1. Got a number for residues in the stretch 229-278 being over 26 Å from the mean Cα position of the chain (by Cα) and small (Gly, Ala, Ser)?
2. Here are some conditions: (1) without any contact (Cβ under 8 Å) to a residue 60 or more places away in the chain; (2) within 14 Å of the ligand (Cβ to nearest atom). Residue 232 meets all but one. Which one does it not meet?
3. Going by what's in this entry, would residue 130 be described as out of contact with any helix residue (DSSP H, G or I) (no Cβ under 6 Å at 6 or more places or on another chain) and not acidic (Asp, Glu)?
4. Go through 287, 241 for me and flag whichever is open to solvent by 20 Å² or more (accessible area, probe 1.4 Å) and in contact with a strand residue (DSSP E or B) (Cβ under 8 Å, 6 or more places away or on another chain).
5. Just give me the residues in the stretch 136-154 being in contact with a Leu (Cβ under 7 Å, 6 or more places away or on another chain) and of a type outside the set (D, E, K, R), in sequence order.
6. Only residues that are polar (S, T, N, Q) and in contact (Cβ under 8 Å) with a residue 12 or more places away in the chain: list them for the stretch 149-208, please.
7. Cβ-Cβ under 6 Å, sequence separation 6+ or interchain: first residue in the stretch 75-91 and modelled with pLDDT of 95 or more, partner of a type in the set (Asp, Glu) and open to solvent by 10 Å² or more (accessible area, probe 1.4 Å). Which pairs?
8. Here is a list: 242, 246. Which entry is more than 15 Å from the ligand (Cβ to nearest atom), assigned to a helix (DSSP H, G or I), out of contact with any Cys (no Cβ under 6 Å at 6 or more places or on another chain) and free of Cβ contacts under 8 Å to residues at least 12 places away in the same chain?
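The values are calculated or read from the model by the stated rules, or taken from the named source; none is laboratory data. Only a predicted model underlies this, so the values are computations on that prediction, with no experimental measurement involved. Using ideal geometry, Cβ is built from the backbone for each residue, glycine included, and neighbour counts are taken over all protein chains shown. To get the accessible areas, we keep the full protein, side chains included, count just its heavy atoms, and leave off ligands, DNA and RNA. Shrake-Rupley method; radii C 1.70, N 1.55, O 1.52, S 1.80 Å.
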Amino acid sequence: MMRLHYAGVAAALIASALVAQAQQQPPAQAPAAAPAAAPAPPPTATTKVADNVYIFRYVGHQAMFIVTPAGVIATDPISLRRPAKPYIDAIQAVTKAPIKYVIYSHSHFDHSAGGQPFKDLGATFVAQRNAKARIQALKPADVVVPDQVVDDKKVITLGGTTLELLYIGKNHSDSTLVMRLPKEKIIFTVDWIPIQGVQFREMADTYVPDIEDGLKKVIALDWETLIPGHPGPGGKQTGTKDNARDQLAYLQDLSAAVKQEVSQGKSYDDAVKDISLPKYSAWPNYKSFLPMNIERYYDFWNRGI
Ligand SMILES: [Zn+2]
């Protein structure tokens, strides 16, 4: 007992000596000043896109909201693990009209989470039917279950504004809506038509080649301005039909290149090593995500998935 006790005291003394020693160390020298970086943009911003149409940006996510005399149509809460209050404050800084709707762009939680404060204000939640099913199956703690669902098309008319909710098939998810304002010629659709970018990582929930058909369908619709779910290079918040055309061309070029590799019996690694698509190499995420995009298409051509 005595030895154990003594050992304990000794250990405690050594530990306290080490702490004292550490405390006596002179402070580490400050690193040389880094070159002045551009100041980070503020975490939230509201941008007016048309008379009644706004983008709320919350760090790297974007949502559209539409203001009418009869109330507001909001989209994605974009408040996963952060308060929704900045979004509600941004709407109320523009109008005191009630928030009548929250419409989910698709099921993914980084866009759909955080809607409860909107629900508490009386908003009706709308999503594509498959989004509701996914949310009900996975029961994410912070995602409000939609009250109403869209199958192929639903039109919301509020205070003189018409908003079409269109489901044109599987693409980045099986529940992605294209929200179209026919008068303003604006669409809001999320995560599959970036402003200059390859697809995200391994295209986890993406349907191939359905996404290419979806791009053809969205290009055929009548619109001029795209609001995506994330800003593009340089913080650009809106795009045009050319971004959709570029994305279709990218996926078709990628698909053809991977198909050729697979037909020659090449491996994943060969395909990643062999394929470069210089037309798109200036897109900011080209280097990091192209290899994973290649693997996604490799699975399609090699095993049909
Ligand atoms: Zn998504």
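1. 6
2. Here residue 232 clears every test but (2).
3. For residue 130, the condition - out of contact with any helix residue (DSSP H, G or I) (no Cβ under 6 Å at 6 or more places or on another chain) and not acidic (Asp, Glu) - is met.
4. Result: 241 is the single residue among 287, 241 that is open to solvent by 20 Å² or more (accessible area, probe 1.4 Å) and in contact with a strand residue (DSSP E or B) (Cβ under 8 Å, 6 or more places away or on another chain).
5. 150
6. Hits for the stretch 149-208 are 161, 162, 171, 173, 175, 176, 189, 196, 199, 206.
7. 80/110
8. The unique qualifying residue is 242.
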